[in-house]
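The values are calculated or read from the model by the stated rules, or taken from the named source; none is laboratory data. Bear in mind that the values here come from a model prediction, so they are computed numbers and not experimental data. Cβ: placed from backbone, ideal geometry, glycine included. Neighbour counts: every protein chain shown.
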Amino acid sequence: MESNIRYRGRTFTAAEIEEIRRLIASHPTASRRTLSRKLCEAWHWVQPNGCLRDMVARGLLAFLERAGEIELPPRRASPPNNAIRRQKPPALPLRWSPLEGSVSDLRPLQFHQVRRSAEEALFESFIEAHHYLGYTRPVGEHLKYLIYGRGVPVACMAWSSAPRHIGCRDRHIGWTAEVRRRRIHLLAYNTRFLILPWVKVPCLASHILSQMARRISSDWEELYGHPIYFLETFVDPARFRATSYRAANWILLGVTTGRGKAAPTKEANRSIKEVWGYPLVRDFRRRLCDR
């Protein structure tokens, strides 16, 4: 009896795998790229913005081939992996005169969503130069912001797709594993938050968090075709006290297990992080749990 296959949190049945075999057999001259797109079309496998989930489908086909379940046509080309080849952004020694005062002195702040814009390189350079984690290229849906006050860059903030499984977050939301798989795209994860070193303005970080909460869902929907209902982030308690998140009314949901995605022994292999969350709508549980 053929067994089911799990890939990226989803179970594919023996009948679905057989359907993929028939798809490959019915297009004997098709390339791997063409087959992945045809699979998306056959299964109506699209992103919320209407684009085909081509890369996910291609990954599934490669996974099934490695498992011996299907046989794909030979690769016709091996394009360079831009994610690997892409060099880190230069940590440009750009600085401004010290900026002090109160938040009201900087209002109104200007939020520039810089992804796919001329300012993106500046954003990446600031993160590489001044954030303790440096810059890493996001994967999946993501937004990047440069925040200005009085015409001076004062902060950087990056958001990306949420991690697939975080125990304390999932318990807080109350969704099942199947619902989480279908609705995880409605969460956004704050991967980087940086107040630039020349800025000495009390309460600025919490003010930016509050302003961001008012706009991120509409910005996300404009680019990706769906809203955001819940925000989350990790905080390393050995380094930070999460003061700004507390002041912006974020909620401490719990802590991570320290295992990450690659822990076959189920033993901690990294530092424990606090998990903080912020609902953007009152009925976030209903919207996230299909209630």
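A few points about this structure:
- Of the residues in the stretch 64-74, at least one is closer than 29 Å to Y224 by Cα and at pLDDT 85 or above.
- Condition check for H172: in the same structural domain as L109 (by TED's automatic domain parsing) and touching a Leu at 6+ places or on another chain (Cβ under 9 Å): yes
- With respect to (1) at pLDDT 95 or above; (2) under 16 Å from P237 (Cα atoms), the lone exception for Y278 is condition (2).
- Here L196 does not fit the description of being at pLDDT below 95, under 30 Å from L106 (Cα atoms) and either of a type in the set (G, A, S) or in the same structural domain as F111 (by TED's automatic domain parsing) (or both).
- Residue among P138, P90 that is in contact with a Ser or Thr (Cβ under 8 Å, 6 or more places away or on another chain), closer than 15 Å to C156 by Cα and not basic (K, R): P138
- Test: residue in the stretch 148-155 that is hydroxyl-bearing (S, T, Y), at pLDDT 95 or above and under 18 Å from the mean Cα position of the chain (by Cα): no
- Selection within the stretch 51-63 - assigned to a helix (DSSP H, G or I), among the hydrophobic types (A, V, I, L, M, F, W, C) and at pLDDT below 85: M55, V56
- Selection status of A158, part of a strand (DSSP E or B) and buried (at least 19 other Cβ atoms within 10 Å of the Cβ): yes
- Per the listing V255, V201, the residue uniquely modelled with pLDDT of 95 or more, of a type in the set (V, I, T) and over 20 Å from L146 (Cβ atoms) is V255.
- Scan of the stretch 164-191 for residues that are in contact (Cβ under 8 Å) with a residue 40 or more places away in the chain and under 11 Å from the mean Cα position of the chain (by Cα), ordered by number: R164, H185, L186, L187, A188, Y189, N190, T191
- For the stretch 238-252, the tally of residues that are in a loop (DSSP other than H, G, I, E, B) and at negative phi stands at 6.
- Selection within the stretch 192-224 - within 15 Å of the chain's Cα centre (by Cα), touching a residue at least 60 places away in the same chain (Cβ under 8 Å) and not in a strand (DSSP E or B): I216, S217, D219, W220, L223, Y224
- Every condition in (1) in a helix (DSSP H, G or I); (2) within 24 Å of Y224 (Cβ to Cβ); (3) at pLDDT below 95 holds for E128 except the one numbered (2).
- Tabulated pairs, the stretch 34-45, first surrounded by 18 or more Cβ atoms within 10 Å (Cβ to Cβ), second part of a loop (DSSP other than H, G, I, E, B), C-beta under 6 angstrom, 6+ apart or interchain: C40/R53
- The stretch 164-182: number of residues that are farther than 18 Å from D283 by Cα and of a type outside the set (D, E, K, R): 5
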